[in-house]
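Report on the structure given below.
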Amino acid sequence: MRNIVKKAMAIAIAVSMTTSIATVGYNKIQAQETNKTVTFSVEKFTIGQGYVVEPVSVEVSDDMTISDVFEKVMNEKGIKYTGSKDYGYLYLQSIENADTGIIDIPEEIAKMPSYESSYEYEGETYTTSYSAPSNEKNDGNTQPNNGLGEYSYNSMAGWMISVNGDNDNGNLTPADIVKDGDVIRYQFSVYGWGADVGLSNYAGMEPLKVADKTTLTKELAKINENKAVWMNNENVKTAYENAIKVATKLMATQDEVDEVVAELKKAENETTTGQDATTVQPTTTIQPTTAETTVQATTTEIQTLGKATVNSVKKVKAGKAKISIKKIAGAEGYQYKYSSTKNFKKGTVIVKTTKKNVLITKKFKKNQKCYVKVRAYKTVNKVRVYGKWSKVKSVKIK
């Protein structure tokens with residue numbers, strides 16, 4: 001009986017989630033040749049286990065959805081997950097190896113009221129009651145591979161999404177197109193399908209009153225872009241560690257959140273006082289670790305590199321393209337990334353680092369498009385520091 005109830009509720013939730021995406025899921029906005037940057041994190045604060053993915057900045061194309069961003073980050077980090085794409089987007093079921101097995105469910109969740117639901121399924125009416133889990137009394141976790149997701153520790157558990165601290169009264173879906181500056185948080189809800197993380201929910205339960213951590217999440221992502229560099233400064237390191245403690249505390253007050261944000265910004269500004277720039281530029285959003293990043297640089301020596309500009313991408317003979325870029329003051333060289341696909345994920349994907357501001361690509365197939373973006377770099381104490389990626393430009397190879 002319990003399995004039937006679970007299956008019915010899962011179907012009901014899935015249907016509810018897809019009601020508002022009849023067109024969005026299958027008629028995506030046409031991609032423009034520009035990039036956007038969003039902030040992304042995966043959290044399991046409801047069971048006291050911190051982050052699966054700490055806040056990171058992610059560069060995305062104009063037609064990418066919330067689901068696309070999730071898959072991009074998780075795949076590049078090598079984190080496995082299970083889910084369904086029956087409705088045209090990823091419905092996340094579980095993230096493998098996300099559960100340590102040691103839980104610390106906040107008292108505020110354990111004290112949440114019970115919930116009773118009645119509904120029809122295959123001609124029969126079912127009524128079931130749900131109780132809030134606690135460290136002492138819960139349903140356990142039966143997800144394979146130490147996974148965390150649906151039904152983990154409670155029948156009303158699963159992964160929920162918020163953007164900029166909101167889920168649009170429960171109407172937000174993984175198929176929604178992201179906007180520049182969005183803060184996307186995947187949050188494990190152990191009870192109430194989002195009620196325990198302060199979100200509107202399918203059950204209609206009263207959400208817990210949680211602090212808005214949108215700005216805090218974005219600030220942490222900013223530090224994480226060059227964490228090794230920033231941690232060389234004791235003031236930033238202390239402020240960052242305090243901010244992480246508050247960020248991972250489910251029931252942190254808004255005053256606590258605002259205080260650590262202010263401390264973190266103050267430490268960052270003091271670090272760069274007297275320099276040409278007020279921020280440390282990202283090495284990149286998500287990149288494989290290289291030997292160049294193992295030696296730390298002092299933050300006081302970091303200076304901003306300007307955002308790169310692709311002047312032109314022109315087809316030349318033999319199916320190749322010629323990329324010309326604008327020189328940037330202070331740059332030692334440039335990293336080119338070109339691909340046969342606009343998201344730089346499939347097909348031909350080439351990354352080339354050179355000191356030249358002109359590059360001839362490898363050969364493309366007839367009628368393929370060559371998409372290009374570039375960024376500048378310099379080296380500070382053996383740490384390669386990158387500027388921001390340029391806007392994407394393309395040319396069709398004929």
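Of all the residues in region 124-139, those that are open to solvent by 50 Å² or more (accessible area, probe 1.4 Å), of a type in the set (Ser, Thr, Tyr) and modelled with pLDDT of 95 or more number 1. Scanning region 205-214 for residues that are out of contact with any strand residue (DSSP E or B) (no Cβ under 7 Å at 6 or more places or on another chain) and crowded, with 18+ Cβ neighbours inside 10 Å turns up Leu208, Val210, Ala211, Lys213. Considering only residues in region 102-126 that are of a type in the set (A, V, I, L, M, F, W, C) and either in a loop (DSSP other than H, G, I, E, B) or out of contact with any Asp or Glu (no Cβ under 9 Å at 6 or more places or on another chain) (or both), the one that is farthest from Tyr153 (Cα to Cα) turns out to be Met112.
The set of residues in region 98-127 being closer than 16 Å to Leu250 by Cβ and of a type in the set (D, E, K, R) consists of Asp104, Glu107, Glu108, Lys111. The number of residues in region 304-325 that are in contact (Cβ under 8 Å) with a residue 40 or more places away in the chain and open to solvent by less than 70 Å² (accessible area, probe 1.4 Å) comes to 14. Looking at Gln275, Gln296, which one is at pLDDT below 90, closer than 21 Å to Asn224 by Cα, touching a helix residue (DSSP H, G or I) at 6+ places or on another chain (Cβ under 6 Å) and open to solvent by 50 Å² or more (accessible area, probe 1.4 Å)? Being at pLDDT below 90, closer than 21 Å to Asn224 by Cα, touching a helix residue (DSSP H, G or I) at 6+ places or on another chain (Cβ under 6 Å) and open to solvent by 50 Å² or more (accessible area, probe 1.4 Å) holds for just one of Gln275, Gln296, which is Gln296.
For region 225-247, filtered to residues that are open to solvent by less than 40 Å² (accessible area, probe 1.4 Å) and at pLDDT 95 or above, the residue that is farthest from Glu43 (Cα to Cα) is Ala239.
Among the residues of region 127-153, those identified as assigned to a loop (DSSP other than H, G, I, E, B) and under 16 Å from Ala98 (Cα atoms) are Gly140, Asn141, Thr142, Gln143, Pro144, Asn145, Asn146, Gly147, Glu150, Tyr151, Ser152, Tyr153. From the list Thr142, Thr173, exactly one residue is among the hydroxyl-bearing types (Ser, Thr, Tyr) and crowded, with 21+ Cβ neighbours inside 10 Å. Which is it? Criteria check complete, one pass: Thr173. Select from region 310-357 the residues that are assigned to a strand (DSSP E or B) and of a type in the set (Phe, Trp, Tyr) and write down the one among them that is farthest from Glu76 (Cα to Cα). The extreme case among them is Tyr334. Of all the criteria given as (1) open to solvent by 40 Å² or more (accessible area, probe 1.4 Å); (2) at pLDDT 95 or above, the one not satisfied by Pro106 is (1).
Under the condition of being over 16 Å from Ile161 (Cα atoms) and either within 12 Å of the chain's Cα centre (by Cα) or not in a strand (DSSP E or B) (or both), the residues counted in region 57-70 number 6.
For region 72-101, the set of residues classified as open to solvent by 30 Å² or more (accessible area, probe 1.4 Å) and not in a loop (DSSP other than H, G, I, E, B) consists of Lys72, Asn75, Glu76, Lys77, Tyr81, Thr82, Gly83, Tyr91, Gln93, listed by residue number.
The values are calculated or read from the model by the stated rules, or taken from the named source; none is laboratory data. Owing to the predicted nature of the structure, the values given are computational and were not obtained by experimental measurement. Neighbour counts are summed over all protein chains in view; Cβ atoms, including those assigned to glycine, are modelled from backbone coordinates with ideal geometry. Side chains included, ligands, DNA and RNA excluded: accessible areas come from the protein's heavy atoms. Shrake-Rupley method; radii C 1.70, N 1.55, O 1.52, S 1.80 Å.
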